[in-house]
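Since the structure comes first, as structure tokens, the remarks are kept for the end.
Only the coordinates and a few stated rules stand behind these numbers; no lab work does. The structure presented is a predicted model; accordingly, all values stated were derived computationally and were not measured. Here the Cβ positions follow ideal geometry from the backbone for every residue, glycine too, while neighbour counts run over all protein chains shown.
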Amino acid sequence: MKLKNMLSRALRRPYVIYAAGGLLAGFLNGLFGSGGGTVIVPFLEECLDQEEHTSHATAILIILGFTIVSLFFYGFSGTLDIKLALWVSLGGVLGGFIGAKLLKKLTGPAIRKIFGAFMLVAAFRMVFFS
């Protein structure tokens, strides 16, 4: 009974919920190379009641942590193509800048629809063209 009460109290604490969402996203990122935006954004919006702008902006910082862990893991295993990563990152920095500027101009519902459409296209592609 004591363990049940401790578990019940722990699950009511917000940091346990935060860590559980991060654990799931980190696990999926490590397994599939995806999980940052695809899991963290809906988690922040639906489970933590964050609005769209905050969720997307916060997810970027969270993804940085996943990126650093992946860099060490894959970088030291010899599977990382540094030249390719640097060139693609150059475009990614420019695209990130443009996307961040656009994010400020979009409404919450528009962000949700665009993100949802992107997720549907990605899912369709993975299911039917992989």
Given the rule -39500 (n - 2.57) for each run of at least 4 DSSP H residues, summed and divided by the residues of the chain, what is its mean residue ellipticity at 222 nm, to the nearest 500 deg cm²/dmol? -26500 deg cm²/dmol
Using the charge dipole of the range 2-128 (Lys, Arg: +1 at Cβ; Asp, Glu: -1 at Cβ; taken about the Cα centre), state which of Leu71, Met126, Ala57 has its Cα farthest towards the positive end. Ala57
Would you mind checking which residues have amide H under 5 Å from Gln50's amide H? H placed 1.01 Å from N; only 5 or more apart, or other chain. Glu45
Tilt relative to the chain, helix 82-105 - C-alpha long axis, 0 to 90 degrees, to 10: 70 degrees
Karplus (6.51, -1.76, 1.60) ³J(HN,Hα), θ = phi - 60°, over the range 54-71, in Hz, Gly and Pro reported as x: 5, 4, 5, 5, 5, 4, 4, 5, 4, 4, 4, x, 4, 5, 5, 4, 4, 4
Please give the contour-minus-distance gain from Phe128 to Leu106: 0.36 nm per residue of separation, less the Cα-Cα distance, rounded to one decimal in nm. 4.8 nm
With a 10 Å Cβ neighbour count serving as the proxy for reagent exposure, in which order, fewest first, do Thr79, Thr38, Thr54 appear? Thr79, Thr54, Thr38
Point-charge dipole on Cβ atoms (K/R +1, D/E -1) for the chain, about Cα centre, debye to 20: 300 debye
Step through the residues of the range 115-130 one at a time and calculate ³J(HN,Hα) from phi using the Karplus curve (6.51 cos²θ - 1.76 cosθ + 1.60, θ = phi - 60°), rounding each to whole Hz and writing x for Gly and Pro. 4, x, 5, 4, 5, 5, 4, 5, 5, 4, 4, 5, 6, 9, 10, 9
